[in-house]
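The values are calculated or read from the model by the stated rules, or taken from the named source; none is laboratory data. None of these values were measured; they are calculated from a predicted model. Neighbour counts run over all protein chains shown; Cβ positions are idealised from the backbone, glycine included. Note: accessible area is taken over every heavy atom of the protein model, side chains too, but ligands, DNA and RNA are not part of it. Shrake-Rupley method; radii C 1.70, N 1.55, O 1.52, S 1.80 Å.
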Amino acid sequence: MDSIRITGGVPLSGRIAISGAKNAALPLMACGLLTDEPLRLSNVARLADLATMAQLLAQHGIEVRAEERELSLGGRISNTEAPYEIVRKMRASILVLGPLLARTGEARVSLPGGCAIGTRPVDLHLKGLEAMGARIRLEGGYVEASAPRGLRGVEIVFPFVSVGATENLLMAASLAEGRTVLKNAAREPEITDLAKCLIAMGARIEGLETDTLTIEGVKALHGAAHDILPDRIETGTYACAAAITGGDIFLENARAADLGAVLTSLREAGVEIAEAENGFRVSRANGLRGVDVTTEPFPGFPTDMQAQFMALMSVAEGASLITENIFENRFMHVPELARMGARINIQGASAIVRGAAHLTGAPVMATDLRASVSLVLAGLAARGETTISRVYHLDRGYEAVEEKLAGCGARIERVAAA
Ligand code: EPZ
(Lines give C-alpha, C1' and ligand atoms only; values in the text may rest on other atoms or scores of the structure.)
Protein backbone atom coordinates (compact mmCIF):
# COMPACT_ATOMS: atom_id res chain seq x y z
CA MET A 1 0.00 0.00 0.00
CA ASP A 2 1.30 3.45 -0.92
CA SER A 3 2.03 6.07 1.68
CA ILE A 4 2.54 9.84 1.57
CA ARG A 5 5.61 11.52 3.01
CA ILE A 6 5.50 15.20 3.95
CA THR A 7 8.19 17.45 5.35
CA GLY A 8 6.23 20.22 7.01
CA GLY A 9 6.78 23.89 7.63
CA VAL A 10 6.47 25.46 4.17
CA PRO A 11 3.87 28.25 3.85
CA LEU A 12 1.99 27.24 0.70
CA SER A 13 1.65 29.74 -2.08
CA GLY A 14 0.19 29.56 -5.59
CA ARG A 15 -2.98 28.36 -7.30
CA ILE A 16 -4.98 25.16 -7.02
CA ALA A 17 -7.66 24.19 -9.53
CA ILE A 18 -10.65 22.64 -7.79
CA SER A 19 -12.00 19.45 -9.39
CA GLY A 20 -15.61 18.42 -9.99
CA ALA A 21 -17.42 17.27 -6.85
CA LYS A 22 -17.21 13.57 -5.98
CA ASN A 23 -20.45 13.59 -4.02
CA ALA A 24 -22.31 15.20 -6.93
CA ALA A 25 -20.78 12.89 -9.54
CA LEU A 26 -21.91 9.71 -7.75
CA PRO A 27 -25.70 10.33 -7.92
CA LEU A 28 -25.30 11.98 -11.34
CA MET A 29 -23.72 8.79 -12.66
CA ALA A 30 -26.64 6.79 -11.20
CA CYS A 31 -28.90 8.96 -13.42
CA GLY A 32 -27.45 6.96 -16.32
CA LEU A 33 -29.90 4.24 -15.25
CA LEU A 34 -32.90 6.52 -15.77
CA THR A 35 -32.73 6.65 -19.59
CA ASP A 36 -31.42 4.62 -22.53
CA GLU A 37 -30.27 7.82 -24.20
CA PRO A 38 -26.74 9.19 -23.69
CA LEU A 39 -26.03 11.22 -20.57
CA ARG A 40 -22.85 13.27 -20.85
CA LEU A 41 -21.22 14.50 -17.66
CA SER A 42 -18.36 17.00 -17.76
CA ASN A 43 -15.95 18.25 -15.07
CA VAL A 44 -15.58 14.69 -13.79
CA ALA A 45 -12.67 14.17 -11.39
CA ARG A 46 -10.44 11.10 -11.65
CA LEU A 47 -11.25 9.36 -8.39
CA ALA A 48 -11.34 5.78 -7.16
CA ASP A 49 -14.98 6.11 -5.99
CA LEU A 50 -16.12 7.22 -9.45
CA ALA A 51 -14.31 4.24 -10.99
CA THR A 52 -16.22 2.00 -8.55
CA MET A 53 -19.53 3.58 -9.61
CA ALA A 54 -18.59 3.08 -13.28
CA GLN A 55 -17.89 -0.59 -12.54
CA LEU A 56 -21.26 -0.94 -10.82
CA LEU A 57 -23.12 0.71 -13.72
CA ALA A 58 -21.26 -1.42 -16.26
CA GLN A 59 -22.48 -4.61 -14.63
CA HIS A 60 -26.05 -3.22 -14.79
CA GLY A 61 -25.54 -2.98 -18.57
CA ILE A 62 -24.73 0.74 -18.83
CA GLU A 63 -21.83 1.57 -21.09
CA VAL A 64 -19.54 4.12 -19.42
CA ARG A 65 -16.99 5.86 -21.62
CA ALA A 66 -14.40 8.18 -20.11
CA GLU A 67 -12.69 10.83 -22.20
CA GLU A 68 -10.54 13.54 -20.66
CA ARG A 69 -12.79 15.01 -17.96
CA GLU A 70 -16.03 13.72 -19.50
CA LEU A 71 -18.08 10.62 -18.95
CA SER A 72 -20.67 9.34 -21.42
CA LEU A 73 -23.24 6.93 -20.06
CA GLY A 74 -25.74 5.07 -22.17
CA GLY A 75 -27.43 1.79 -22.92
CA ARG A 76 -30.08 -0.53 -21.62
CA ILE A 77 -30.31 -2.03 -18.13
CA SER A 78 -29.56 -5.74 -18.46
CA ASN A 79 -29.16 -6.68 -14.80
CA THR A 80 -30.89 -5.21 -11.75
CA GLU A 81 -28.62 -6.67 -9.08
CA ALA A 82 -25.93 -4.61 -7.30
CA PRO A 83 -23.61 -7.22 -5.82
CA TYR A 84 -22.02 -7.20 -2.37
CA GLU A 85 -18.50 -7.26 -3.88
CA ILE A 86 -18.99 -3.74 -5.25
CA VAL A 87 -21.39 -2.25 -2.67
CA ARG A 88 -19.07 -3.18 0.21
CA LYS A 89 -16.34 -1.02 -1.38
CA MET A 90 -18.57 2.04 -1.58
CA ARG A 91 -21.76 2.79 0.33
CA ALA A 92 -22.95 5.30 -2.28
CA SER A 93 -23.75 2.23 -4.44
CA ILE A 94 -27.15 2.30 -2.69
CA LEU A 95 -27.93 5.23 -5.02
CA VAL A 96 -28.73 2.77 -7.83
CA LEU A 97 -31.71 1.41 -5.87
CA GLY A 98 -34.20 4.20 -6.62
CA PRO A 99 -33.30 4.50 -10.34
CA LEU A 100 -33.33 0.71 -10.96
CA LEU A 101 -36.69 0.32 -9.23
CA ALA A 102 -38.29 3.32 -10.94
CA ARG A 103 -37.06 2.22 -14.34
CA THR A 104 -37.55 -1.56 -14.29
CA GLY A 105 -39.89 -2.25 -11.35
CA GLU A 106 -37.29 -4.35 -9.57
CA ALA A 107 -33.91 -4.17 -7.91
CA ARG A 108 -31.74 -6.37 -5.73
CA VAL A 109 -29.07 -4.28 -4.02
CA SER A 110 -26.66 -5.48 -1.35
CA LEU A 111 -27.15 -3.71 1.97
CA PRO A 112 -24.12 -1.54 2.67
CA GLY A 113 -22.64 -2.49 6.03
CA GLY A 114 -21.54 -0.06 8.72
CA CYS A 115 -18.40 1.89 8.00
CA ALA A 116 -15.51 3.58 9.73
CA ILE A 117 -17.51 6.72 10.54
CA GLY A 118 -20.67 5.09 11.91
CA THR A 119 -23.44 2.52 11.45
CA ARG A 120 -25.03 4.51 8.62
CA PRO A 121 -28.37 2.73 8.10
CA VAL A 122 -30.42 3.18 4.90
CA ASP A 123 -33.86 2.90 6.50
CA LEU A 124 -35.02 6.29 5.19
CA HIS A 125 -34.25 5.23 1.60
CA LEU A 126 -36.27 2.03 2.06
CA LYS A 127 -39.21 3.60 3.92
CA GLY A 128 -39.50 6.28 1.27
CA LEU A 129 -39.60 3.76 -1.58
CA GLU A 130 -42.13 1.69 0.37
CA ALA A 131 -44.33 4.75 0.78
CA MET A 132 -44.15 5.10 -3.02
CA GLY A 133 -45.61 1.61 -3.40
CA ALA A 134 -42.52 -0.62 -3.53
CA ARG A 135 -42.43 -3.97 -1.75
CA ILE A 136 -39.17 -4.29 0.13
CA ARG A 137 -37.75 -7.45 1.68
CA LEU A 138 -34.38 -7.93 3.32
CA GLU A 139 -33.01 -11.31 2.32
CA GLY A 140 -29.49 -12.70 2.66
CA GLY A 141 -27.91 -9.27 3.15
CA TYR A 142 -29.72 -7.83 0.12
CA VAL A 143 -32.54 -5.35 -0.29
CA GLU A 144 -35.05 -6.96 -2.64
CA ALA A 145 -37.39 -4.34 -4.00
CA SER A 146 -40.22 -4.68 -6.47
CA ALA A 147 -42.86 -2.37 -7.86
CA PRO A 148 -44.44 -4.28 -10.77
CA ARG A 149 -47.03 -1.57 -11.35
CA GLY A 150 -44.51 1.25 -10.98
CA LEU A 151 -43.94 3.79 -8.22
CA ARG A 152 -46.52 6.40 -7.31
CA GLY A 153 -46.13 9.93 -6.03
CA VAL A 154 -46.63 10.54 -2.32
CA GLU A 155 -45.74 13.06 0.39
CA ILE A 156 -42.69 12.07 2.43
CA VAL A 157 -41.59 13.95 5.54
CA PHE A 158 -38.06 12.93 6.48
CA PRO A 159 -37.62 12.68 10.29
CA PHE A 160 -34.10 14.08 9.84
CA VAL A 161 -32.05 15.27 6.91
CA SER A 162 -30.39 12.61 4.74
CA VAL A 163 -28.43 13.48 1.62
CA GLY A 164 -28.52 9.96 0.16
CA ALA A 165 -32.21 9.31 0.88
CA THR A 166 -33.16 12.66 -0.69
CA GLU A 167 -31.12 11.76 -3.80
CA ASN A 168 -32.52 8.22 -4.13
CA LEU A 169 -36.12 9.41 -3.78
CA LEU A 170 -35.61 12.42 -6.05
CA MET A 171 -34.39 10.14 -8.84
CA ALA A 172 -37.16 7.57 -8.24
CA ALA A 173 -39.89 10.22 -8.02
CA SER A 174 -38.87 11.67 -11.39
CA LEU A 175 -40.29 8.54 -13.04
CA ALA A 176 -43.14 7.85 -10.58
CA GLU A 177 -46.80 8.35 -11.42
CA GLY A 178 -48.09 11.64 -10.03
CA ARG A 179 -46.69 14.16 -7.58
CA THR A 180 -44.11 13.47 -4.88
CA VAL A 181 -43.35 16.03 -2.18
CA LEU A 182 -40.15 15.54 -0.17
CA LYS A 183 -40.25 17.58 3.06
CA ASN A 184 -37.26 18.20 5.31
CA ALA A 185 -35.20 17.22 2.27
CA ALA A 186 -31.44 17.78 2.16
CA ARG A 187 -30.45 20.95 0.29
CA GLU A 188 -26.73 20.43 -0.09
CA PRO A 189 -25.37 21.96 -3.33
CA GLU A 190 -24.93 18.40 -4.66
CA ILE A 191 -28.72 17.88 -4.38
CA THR A 192 -29.36 21.04 -6.39
CA ASP A 193 -26.84 19.87 -8.99
CA LEU A 194 -28.63 16.51 -9.23
CA ALA A 195 -32.02 18.24 -9.59
CA LYS A 196 -30.63 20.46 -12.37
CA CYS A 197 -29.36 17.43 -14.29
CA LEU A 198 -32.70 15.63 -13.86
CA ILE A 199 -34.52 18.73 -15.13
CA ALA A 200 -32.21 18.75 -18.18
CA MET A 201 -33.26 15.11 -18.69
CA GLY A 202 -36.93 16.13 -18.72
CA ALA A 203 -37.86 15.80 -15.03
CA ARG A 204 -40.28 18.29 -13.46
CA ILE A 205 -38.87 19.41 -10.12
CA GLU A 206 -39.58 22.52 -8.06
CA GLY A 207 -38.15 23.87 -4.82
CA LEU A 208 -34.45 23.69 -5.69
CA GLU A 209 -32.21 24.95 -2.85
CA THR A 210 -35.07 24.61 -0.34
CA ASP A 211 -35.99 21.81 2.06
CA THR A 212 -39.17 20.96 0.13
CA LEU A 213 -38.82 19.37 -3.29
CA THR A 214 -41.91 18.81 -5.43
CA ILE A 215 -41.59 16.35 -8.28
CA GLU A 216 -44.24 15.73 -10.96
CA GLY A 217 -43.41 12.31 -12.32
CA VAL A 218 -42.94 11.91 -16.08
CA LYS A 219 -43.25 8.77 -18.23
CA ALA A 220 -39.69 8.84 -19.52
CA LEU A 221 -36.50 10.86 -19.23
CA HIS A 222 -34.15 11.62 -22.11
CA GLY A 223 -30.44 12.16 -22.63
CA ALA A 224 -28.74 15.39 -21.55
CA ALA A 225 -25.37 17.04 -20.93
CA HIS A 226 -24.46 18.31 -17.47
CA ASP A 227 -21.40 20.06 -16.06
CA ILE A 228 -20.65 18.94 -12.49
CA LEU A 229 -20.24 21.64 -9.84
CA PRO A 230 -16.83 22.22 -8.20
CA ASP A 231 -16.08 20.17 -5.07
CA ARG A 232 -16.84 22.30 -2.01
CA ILE A 233 -15.13 19.89 0.37
CA GLU A 234 -11.95 19.80 -1.70
CA THR A 235 -12.14 23.61 -1.74
CA GLY A 236 -12.52 23.81 2.03
CA THR A 237 -9.68 21.35 2.52
CA TYR A 238 -7.21 23.43 0.46
CA ALA A 239 -8.44 26.59 2.20
CA CYS A 240 -7.39 24.89 5.45
CA ALA A 241 -4.02 24.01 3.85
CA ALA A 242 -3.39 27.69 3.14
CA ALA A 243 -4.53 28.60 6.64
CA ILE A 244 -2.59 25.98 8.58
CA THR A 245 0.70 26.80 6.82
CA GLY A 246 0.26 30.58 7.01
CA GLY A 247 0.24 30.60 3.21
CA ASP A 248 -1.59 32.26 0.35
CA ILE A 249 -3.49 30.17 -2.23
CA PHE A 250 -5.94 31.09 -4.99
CA LEU A 251 -8.60 28.37 -5.35
CA GLU A 252 -9.64 28.35 -8.99
CA ASN A 253 -13.29 27.54 -9.86
CA ALA A 254 -14.18 27.50 -6.15
CA ARG A 255 -17.69 28.72 -5.28
CA ALA A 256 -17.73 30.71 -2.04
CA ALA A 257 -21.54 30.44 -1.73
CA ASP A 258 -21.28 26.65 -1.40
CA LEU A 259 -18.92 27.01 1.57
CA GLY A 260 -20.86 29.56 3.63
CA ALA A 261 -20.37 28.26 7.18
CA VAL A 262 -16.82 27.05 6.50
CA LEU A 263 -15.70 30.47 5.27
CA THR A 264 -17.38 32.16 8.25
CA SER A 265 -15.48 29.90 10.68
CA LEU A 266 -12.20 30.40 8.81
CA ARG A 267 -12.63 34.18 8.94
CA GLU A 268 -13.42 34.01 12.67
CA ALA A 269 -10.21 32.03 13.13
CA GLY A 270 -8.24 34.88 11.54
CA VAL A 271 -7.98 33.63 7.96
CA GLU A 272 -8.41 36.12 5.12
CA ILE A 273 -10.70 35.25 2.23
CA ALA A 274 -10.92 37.45 -0.83
CA GLU A 275 -13.61 36.51 -3.31
CA ALA A 276 -12.99 36.93 -7.03
CA GLU A 277 -14.95 36.08 -10.15
CA ASN A 278 -13.56 32.60 -10.79
CA GLY A 279 -12.68 31.51 -7.28
CA PHE A 280 -11.27 32.97 -4.09
CA ARG A 281 -7.98 33.62 -2.39
CA VAL A 282 -7.21 32.28 1.08
CA SER A 283 -4.31 33.67 3.10
CA ARG A 284 -3.15 34.05 6.65
CA ALA A 285 -0.56 36.51 7.84
CA ASN A 286 -1.29 36.50 11.60
CA GLY A 287 -1.94 33.86 14.26
CA LEU A 288 -4.95 31.53 14.33
CA ARG A 289 -7.67 31.82 17.00
CA GLY A 290 -9.72 28.92 18.39
CA VAL A 291 -13.29 28.81 17.04
CA ASP A 292 -16.18 26.50 18.03
CA VAL A 293 -18.01 24.60 15.29
CA THR A 294 -20.95 22.18 15.20
CA THR A 295 -21.60 19.99 12.17
CA GLU A 296 -25.05 20.30 10.62
CA PRO A 297 -26.79 19.68 7.31
CA PHE A 298 -26.25 22.40 4.68
CA PRO A 299 -26.07 25.38 5.05
CA GLY A 300 -24.47 24.53 8.41
CA PHE A 301 -20.85 23.49 8.91
CA PRO A 302 -20.35 20.21 6.95
CA THR A 303 -19.32 17.00 8.71
CA ASP A 304 -17.01 16.38 5.73
CA MET A 305 -14.91 19.39 6.85
CA GLN A 306 -14.82 18.55 10.57
CA ALA A 307 -11.53 16.60 10.60
CA GLN A 308 -9.71 19.22 8.50
CA PHE A 309 -10.95 22.06 10.72
CA MET A 310 -9.84 20.14 13.79
CA ALA A 311 -6.31 19.84 12.38
CA LEU A 312 -6.35 23.61 11.90
CA MET A 313 -7.63 24.25 15.42
CA SER A 314 -4.90 22.05 16.87
CA VAL A 315 -2.39 24.85 16.14
CA ALA A 316 -4.68 27.81 16.97
CA GLU A 317 -4.32 29.99 20.00
CA GLY A 318 -6.89 29.14 22.66
CA ALA A 319 -9.47 26.38 22.77
CA SER A 320 -12.03 25.19 20.27
CA LEU A 321 -15.11 23.02 20.86
CA ILE A 322 -15.91 20.84 17.85
CA THR A 323 -19.24 18.99 17.96
CA GLU A 324 -20.07 16.22 15.49
CA ASN A 325 -23.83 15.93 15.05
CA ILE A 326 -24.12 13.89 11.86
CA PHE A 327 -22.09 10.71 12.41
CA GLU A 328 -21.54 8.95 15.74
CA ASN A 329 -17.97 7.81 15.18
CA ARG A 330 -16.23 10.49 13.21
CA PHE A 331 -13.32 11.28 15.52
CA MET A 332 -10.89 8.60 14.37
CA HIS A 333 -8.39 11.23 13.33
CA VAL A 334 -8.09 12.36 16.96
CA PRO A 335 -5.65 9.69 18.22
CA GLU A 336 -3.56 10.13 15.06
CA LEU A 337 -3.46 13.94 15.44
CA ALA A 338 -2.55 13.38 19.10
CA ARG A 339 0.49 11.36 17.95
CA MET A 340 1.63 14.54 16.21
CA GLY A 341 1.28 16.60 19.40
CA ALA A 342 -2.32 17.84 19.11
CA ARG A 343 -4.07 18.29 22.45
CA ILE A 344 -7.61 16.99 22.01
CA ASN A 345 -10.08 15.49 24.48
CA ILE A 346 -13.26 13.81 23.35
CA GLN A 347 -16.40 14.24 25.48
CA GLY A 348 -19.28 12.36 23.86
CA ALA A 349 -20.08 14.03 20.53
CA SER A 350 -17.67 16.91 21.19
CA ALA A 351 -13.94 17.34 21.03
CA ILE A 352 -12.14 20.02 22.98
CA VAL A 353 -9.06 21.13 21.12
CA ARG A 354 -6.46 23.11 23.00
CA GLY A 355 -4.14 24.69 20.50
CA ALA A 356 -0.49 23.60 20.67
CA ALA A 357 2.45 25.84 19.78
CA HIS A 358 3.44 23.40 17.06
CA LEU A 359 2.86 19.85 15.79
CA THR A 360 5.63 17.33 15.25
CA GLY A 361 5.92 14.96 12.28
CA ALA A 362 5.18 11.28 12.99
CA PRO A 363 4.13 8.09 11.20
CA VAL A 364 0.30 8.06 11.17
CA MET A 365 -2.46 6.01 9.61
CA ALA A 366 -5.43 7.06 7.51
CA THR A 367 -8.80 5.60 8.55
CA ASP A 368 -11.25 7.25 6.16
CA LEU A 369 -11.23 9.88 3.46
CA ARG A 370 -11.56 13.10 5.49
CA ALA A 371 -9.56 11.76 8.45
CA SER A 372 -6.66 11.03 6.10
CA VAL A 373 -6.65 14.47 4.57
CA SER A 374 -6.68 16.04 8.06
CA LEU A 375 -3.40 14.19 8.66
CA VAL A 376 -2.02 15.64 5.42
CA LEU A 377 -2.90 19.12 6.70
CA ALA A 378 -1.29 18.42 10.06
CA GLY A 379 1.81 17.10 8.26
CA LEU A 380 2.07 20.29 6.17
CA ALA A 381 2.23 22.37 9.36
CA ALA A 382 4.29 20.00 11.52
CA ARG A 383 7.99 20.21 12.23
CA GLY A 384 9.83 17.37 10.57
CA GLU A 385 8.59 14.39 8.61
CA THR A 386 5.14 12.81 8.60
CA THR A 387 4.36 9.55 6.82
CA ILE A 388 0.70 8.74 6.23
CA SER A 389 -0.04 5.13 5.42
CA ARG A 390 -3.19 3.63 3.81
CA VAL A 391 -3.52 6.52 1.36
CA TYR A 392 -6.01 4.60 -0.76
CA HIS A 393 -8.58 6.39 1.40
CA LEU A 394 -7.33 9.71 0.00
CA ASP A 395 -7.49 8.47 -3.59
CA ARG A 396 -11.22 7.80 -3.17
CA GLY A 397 -11.99 11.51 -3.01
CA TYR A 398 -9.00 13.78 -3.68
CA GLU A 399 -7.71 14.05 -7.21
CA ALA A 400 -3.93 14.46 -7.55
CA VAL A 401 -3.53 15.65 -3.98
CA GLU A 402 0.29 15.53 -3.99
CA GLU A 403 0.57 17.34 -7.34
CA LYS A 404 -1.82 20.08 -6.25
CA LEU A 405 -0.02 20.68 -2.96
CA ALA A 406 3.49 20.32 -4.42
CA GLY A 407 2.50 22.93 -7.02
CA CYS A 408 2.17 25.38 -4.11
CA GLY A 409 5.56 24.51 -2.65
CA ALA A 410 4.68 21.65 -0.29
CA ARG A 411 7.38 19.05 0.23
CA ILE A 412 5.16 16.04 -0.34
CA GLU A 413 5.66 12.78 -2.20
CA ARG A 414 3.95 9.46 -2.67
CA VAL A 415 6.01 6.48 -1.67
CA ALA A 416 5.02 3.32 -3.53
CA ALA A 417 4.63 0.20 -1.43
CA ALA A 418 7.74 -1.98 -1.55
C1 EPZ B 1 -23.47 11.85 2.20
O2 EPZ B 1 -23.56 10.57 2.81
C3 EPZ B 1 -22.04 12.01 1.71
N4 EPZ B 1 -21.75 10.95 0.75
C5 EPZ B 1 -21.09 11.95 2.90
O6 EPZ B 1 -19.78 12.20 2.41
C7 EPZ B 1 -21.47 13.04 3.90
O8 EPZ B 1 -20.66 12.92 5.05
C9 EPZ B 1 -22.95 12.90 4.29
O10 EPZ B 1 -23.78 12.90 3.11
C11 EPZ B 1 -23.43 14.01 5.19
O12 EPZ B 1 -23.27 15.25 4.56
C13 EPZ B 1 -22.12 11.11 -0.52
O14 EPZ B 1 -22.71 12.10 -0.91
C15 EPZ B 1 -21.78 10.01 -1.45
P16 EPZ B 1 -26.75 11.05 5.06
P17 EPZ B 1 -24.97 9.93 3.13
O18 EPZ B 1 -27.76 10.07 4.55
O19 EPZ B 1 -25.93 10.30 2.08
C20 EPZ B 1 -28.20 8.79 9.05
C21 EPZ B 1 -17.40 11.94 2.34
O22 EPZ B 1 -16.42 11.97 3.12
N23 EPZ B 1 -29.09 8.01 8.17
O24 EPZ B 1 -27.01 12.49 4.91
O25 EPZ B 1 -24.75 8.50 3.42
C26 EPZ B 1 -26.73 8.51 8.78
O27 EPZ B 1 -26.30 7.35 9.46
C28 EPZ B 1 -18.71 11.37 2.80
O29 EPZ B 1 -17.35 12.33 1.17
C30 EPZ B 1 -30.00 7.12 8.72
O31 EPZ B 1 -30.05 6.93 9.95
O32 EPZ B 1 -25.31 10.69 4.49
C33 EPZ B 1 -26.10 9.79 9.28
O34 EPZ B 1 -25.97 9.72 10.68
C35 EPZ B 1 -18.72 10.40 3.88
N36 EPZ B 1 -30.85 6.44 7.90
C37 EPZ B 1 -27.13 10.86 8.92
O38 EPZ B 1 -28.36 10.15 8.75
C39 EPZ B 1 -30.82 6.63 6.54
O40 EPZ B 1 -31.62 5.97 5.83
C41 EPZ B 1 -26.84 11.65 7.63
O42 EPZ B 1 -26.51 10.73 6.61
C43 EPZ B 1 -29.91 7.54 5.98
C44 EPZ B 1 -29.06 8.23 6.81
Exercise for the section: Putting +1 on Lys and Arg Cβ atoms and -1 on Asp and Glu Cβ atoms, find which of ALA30, ASN345, CYS240 reaches farthest to the positive end of the dipole of the chain. Expected result: ASN345
Exercise for the section: Would you work out which of TYR84, ALA147, LEU39 lies farthest towards the positive end of the dipole of segment 35-147, given +1 charges on the beta-carbon of Lys and Arg and -1 on that of Asp and Glu, about the Cα centre? Expected result: TYR84
Exercise for the section: Please figure out what share of the DSSP beta bridges in segment 335-400 is antiparallel and state it in percent, rounded to the nearest 5. Expected result: 55
Exercise for the section: Pop out the ³J(HN,Hα) list for segment 146-154 in order, Karplus 6.51 cos²θ - 1.76 cosθ + 1.60 with θ = phi - 60°, rounded to Hz; leave Gly and Pro as x. Expected result: 9, 8, x, 9, x, 8, 10, x, 7
Fill in the blank from the handout: The summed charge of the GLY118 Cβ neighbourhood (under 15 Å; Lys/Arg +1, Asp/Glu -1) stands at -1
Handout entry: Where segment 311-413 is the region considered: accessible area per residue in Å², 1.4 Å probe
Key = 38
Completion exercise
Rounded to the angstrom and largest first, Cα extents along the principal axes for segment 218-321 equal 58, 27, 16
Fill in the blank from the handout: Of ARG343, ARG149, ARG46, the most mobile residue in a GNM of the chain (C-alpha springs, cutoff 10 Å) is ARG149
Completion exercise
About its Cα centre, segment 1-96 carries a charge dipole, from +1 on Lys and Arg Cβ atoms and -1 on Asp and Glu Cβ atoms, whose size in debye to the nearest 20 is 400
Exercise for the section: Enter the angle in degrees (range 0 to 90, nearest 10) between the Cα long axis of helix 369-381 and the first principal axis of the Cα atoms of the chain, meaning the one along which they spread out most. Expected result: 20
Exercise for the section: For the chain, with a Gaussian network of springs between Cα atoms less than 10 Å apart, report the residue from SER372, SER350, SER174 with the top mean-square fluctuation. Expected result: SER350
Handout entry: Residue-normalised accessible area of segment 65-114, given per residue in Å² at a 1.4 Å probe
Key = 46
Fill in the blank from the handout: As a percent rounded to 5, the proportion of antiparallel DSSP bridges among beta bridges in segment 128-239 is 75
Fill in the blank from the handout: Quick shape check on segment 73-231: root eigenvalues a ≥ b ≥ c of the Cα gyration tensor, a/c under 1.5 is rounded, otherwise prolate if a/b tops b/c, else oblate, and it reads rounded
Completion exercise
Most fluctuating of ALA349, ALA82, ALA381 in the GNM of the chain (C-alpha, under 10 Å) is ALA349
Fill in the blank from the handout: Interchain or sequence-distant (5+) residues whose placed amide H lies within less than 5 Å of the amide H of PHE280 are LEU251, ALA254
Handout entry: Bins of 10 Å from zero: percent of alpha-carbon pairs in segment 1-114
Key = 13, 41, 27, 12, 7, 1
Exercise for the section: Using the structure shown, select from LYS22/LYS404; LYS89/LYS196; LYS127/LYS183; LYS22/LYS89 the pairs with a Cα to Cα distance greater than 23 angstrom. Expected result: LYS89/LYS196
Problem - Note, ³J(HN,Hα) from phi for segment 63-78, Karplus 6.51, -1.76, 1.60, rounded to Hz, x at Gly and Pro - result: 7, 10, 10, 9, 9, 6, 9, 10, 10, 10, 10, x, x, 8, 6, 10
Practice task
Could you look at the chain and say what percent of its accessible area is carbon and sulfur, using a 1.4 Å probe and all protein chains?
Solution key: 48
Fill in the blank from the handout: For the chain, the longest principal axis of the Cα atoms and the Cα long axis of helix 163-174 enclose an angle in degrees, to the nearest 10, of 30
Practice task
Would you compute, from DSSP H runs of 4+ residues alone, the mean residue ellipticity of the chain at 222 nm, taking -39500 (n - 2.57) per run and dividing by the full residue count, rounded to the nearest 500?
Solution key: -8500 deg cm²/dmol
